[in-house]
Amino acid sequence: MTYPDNLLYQVTKPARYTGGEWNSIVKDWDKTFIKFALSYPDVYEIGMSNMALPILYDLLNSQPDVLAERVFAPWVDMEAILRAEGIPLASLESKHPLKDFDIIGFSLGYELTYTNVLNMLHLAQIPVLAKERDDSHPIVIAGGTCTLNPEPMADFIDFFVIGDGEEVLPELLDCFRDWKVKSASKQQLLQQVANINGIYVPSLYHVEYQADGLFKSITPAVPTAKPTIQRRIVSQLPPPVTKPVVPYIEVVHDRGAIEIQRGCSRGCRFCQAGIIYRPVRERPQSEVLQGIGDIIANCGYNNISLVSLCTNDYTGIDKLVANIIHHYPEHSLTLSLPSLRTDSSSVRLVASLPSHRKTGLTFAPEAGSQRLRQSINKCISEDEILKTAAAAFAKGWNSLKLYFMLGLPTETMDDVQEIVQLIDKIYSLGRKDTGRRPQIRVSVSTFVPKPHTPFQWVAQANQSELDAKHDLLKQGLRRTRSHLSWPEYKVSLLEAVLSRGDRRLGRVIYHAWQLGSTFDAWDEHFNYENWLRAFAEAGLEPDFYAKRERSLDEPLPWAHIDVGISTEFLKQEYQHALDGRETPDCRTEICNACGLERWQPQCQQRYP
Ligand code: SF4
């Protein structure tokens, strides 16, 4: 079933719903045993820029008896039409309604997409609550970074995949095949998958709370449920995806992408990705080079992004870039290097690219003062930041974008004042070196404490505190006429609530969605009043989750998810933050015994 043309003419960007893109895979529906809907709870342009989706699409479709098709959250105009016409949400490839699939797998990478998950299920005419779905409904699963604290979404998801999907999916598919052949019940499947490492089935656990409302424990309710769920980790990156679907409309990252490394060992204390993707796994240069050639041949891209949490931490990045340019000159290839470290070697690296445009360079010092950078373990000296800016101006850039965070633990007004002083120095440097007025954009985000990080116990800053800091920046940055931007506080507050929430938040998410909240990550749709009403209806307080400092021995609702990093290490790192003490990068210095040495062979070799 395709969406009728007369309906598609009425919506913005109909190509979001047509499918048929280059490299998309349409298998014979009737002859394929397992049907898997890869679901992304945001619009097409965002979902098609996600790195995990092509990996899973490729992996699943490589199995002869499995078909994987994509579905994205329909924008509000399309949603209105689907509801008015009673048309169920369908996949892009075969246009089958989602309710005809065996498995619907959501990618959860941002907490503010949670209501879209509920909305997509409802549009698919599938019960939103897991307990209301029976053997006739698809199994609804989820993976992605948010599942490292799965509890807020536990009411809606049958089971979660924790860690690298490439590692878990083959075992999961074996289990599913076996179950489907036997035509057993959904309950039997849940019991079976609970045996697979990295699978968390929330309905198989008891949750208890203390009399004062604090979370108490999550314990197995059946023998098959494990007390802790270990994150799955691929020890070696599987071959890169070289035949991804090529969108027909512009998407956020409109280029080819190759993951050159996964994980980061720098240990910034605010950064969840730096913890939950450990250890670092690099793709060999030969594989990157071959992969780029294949992507060019299969997709026609002439812009390729070398994806990593910190691109220039890749061993021999200069050599890799030089080799790529040497191998593919005839394609006039443009390379994108996202996530560059703040140092002058980054500038040299970008300047070495043949067709780099001088539109702007972006760096993230994160904090204005050396003291605070030391505390968050982003130990870049002011001297290094100024050298980086000087190198950029010397190479012809006149526009710099700098990212900072406000509301970091131990931050004072003096630290914020030092952002102003730092920008002043960069501005003066630019004027002196180029004779022109440099364009400096200062982007400030609000610190959100995340689970499984050394700051998982801290309170999020109050709005009044942050307003005063924003005012200081506004005044202070006038002299340099820097452009200053920051997000809506309540968006960060809701992110803080949902990221460190417990299972009771399922009621809040459900109420907020019933009140009409969807696309919460989009400014024009974010409705905090809905959320306040939803909290009131559930008898809960957002501040309890976001603004309350936890004691170090308080039970945490995500503690049963073992990402591999020990609580002792996180506590030690928290203390080091308070002491302003650096923890060195474990790739260049000694192993810091973060806990992964228990599991990972490459870490065991380095463990003292
Ligand atoms: S165990 Fe050691 S080497 Fe491995 S990620 Fe942790 S600190 Fe680094």
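A compact table of results
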quantity: Extension gain, residue 529 back to residue 129 (0.36 nm per residue minus Cα-Cα distance, nm); calculated: 141.7 nm
quantity: Fewest-first ranking of 33, 569, using other Cβ atoms within 10 Å as the exposure measure; calculated: 33, 569
quantity: Hits among aspartates and glutamates - C-alpha to C-alpha of residue 186 under 18 Å, sequence gap 8 or more where chains match; calculated: 100, 102, 132, 134, 135, 155, 158, 171, 174, 178
quantity: Under 5 Å, built H, 5+ apart or other chain: amide partners of residue 215; calculated: 210
quantity: Computed FRET value (nearest 0.05) for residue 206 with residue 465, which takes r as the C-beta separation and R₀ as 30 Å; calculated: 0.20
quantity: Relative contact order computed over the range 240-282 (Cα-Cα under 8 Å; 6+ residues apart), in percent; calculated: 34
quantity: Global geometry of the range 360-434, whether rounded, prolate or oblate, following the gyration tensor of its Cα atoms and the 1.5 cut on a/c; calculated: prolate
quantity: Karplus (6.51, -1.76, 1.60) ³J(HN,Hα), θ = phi - 60°, over the range 238-246, in Hz, Gly and Pro reported as x; calculated: x, x, x, 7, 10, 9, x, 5, 9
quantity: 574, 40, 277 arranged by Cβ crowding within 10 Å, fewest neighbours leading; calculated: 574, 277, 40
quantity: Point-to-point label distance, residue 322-residue 481, nm (Cα→Cβ direction, 7 Å offset); calculated: 4.1
quantity: Calculated FRET efficiency for the pair residue 567/residue 187, C-beta based, R₀ 45 Å, to 0.05; calculated: 0.85
quantity: Pairwise centroid distance, computed over Cα atoms, of the range 262-322 with the range 100-168, Å; calculated: 29
quantity: Filter on 99/131; 490/547; 99/182 - keep pairs with C-alpha separation over 18 Å; calculated: 99/182
quantity: In the range 178-267, the GluC sites (Glu not before Pro) that fall in loop regions by DSSP, at most 15 other Cβ within 10 Å; calculated: 250
quantity: Helical mean residue ellipticity (222 nm; -39500 (n - 2.57) per DSSP H run of 4+; nearest 500) of the chain; calculated: -10500 deg cm²/dmol
quantity: Simple Cβ-charge dipole of the range 468-608, Lys/Arg +1 and Asp/Glu -1, about Cα centre, in debye nearest 20; calculated: 360
quantity: The range 570-593 versus the range 190-242: alpha-carbon centroid distance in Å; calculated: 28
quantity: Pairwise centroid distance, computed over Cα atoms, of the range 536-566 with the range 444-464, Å; calculated: 12
quantity: Residues 2, 145, 453 arranged by fewest to most Cβ contacts within 10 Å; calculated: 2, 145, 453
quantity: Hz values of 3J(HN,Hα) by residue in the range 510-520 - Karplus curve (6.51, -1.76, 1.60), Gly and Pro given as x; calculated: 4, 5, 4, 5, 4, 7, x, 6, 8, 6, 5
quantity: The range 64-140 - percent relative contact order, Cα under 8 Å, separation 6 or more; calculated: 31
quantity: For the range 448-563: relative contact order, % (alpha-carbon pairs under 8 angstrom, 6 or more apart); calculated: 36
quantity: Residues of the range 47-77 with amide N under 19 Å of a point placed 7 Å along Cα→Cβ from residue 248; calculated: 47-49, 69-75
quantity: For residue 229, distant residues with modelled amide H under 5 Å away; calculated: 561, 562
quantity: Candidate lysines for bridging to residue 432, where Cα separation is under 26 Å - those fewer than 8 sequence places away on the same chain excluded; calculated: 358, 387, 395, 401, 474
quantity: Cα→Cβ-extended label distance, 7 Å offset, between residue 401 and residue 5, nm; calculated: 4.0
quantity: Sites residue 551 and residue 330 - FRET efficiency at Förster radius 51 Å, r taken between beta-carbons, to 0.05; calculated: 0.25
quantity: Phi-based couplings in Hz for the range 74-79 (Karplus 6.51, -1.76, 1.60; Gly and Pro marked x); calculated: x, 5, 4, 5, 5, 4
quantity: Residues whose placed amide H lies under 5 Å from that of residue 484, excluding near-sequence neighbours; calculated: 442
quantity: Qualifying trypsin sites (Lys or Arg not before Pro) in the range 412-498, DSSP loop, other Cβ atoms within 10 Å at most 12; calculated: 436, 478, 479, 481
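Every read-out reported here was derived from the displayed coordinates using simple, explicitly stated rules and does not represent laboratory data. The model shown is predicted, which means the values in this text are computed figures rather than measured ones. Please note: Cβ atoms are built from the backbone with ideal geometry, for glycine as well, and neighbour counts cover all protein chains shown.
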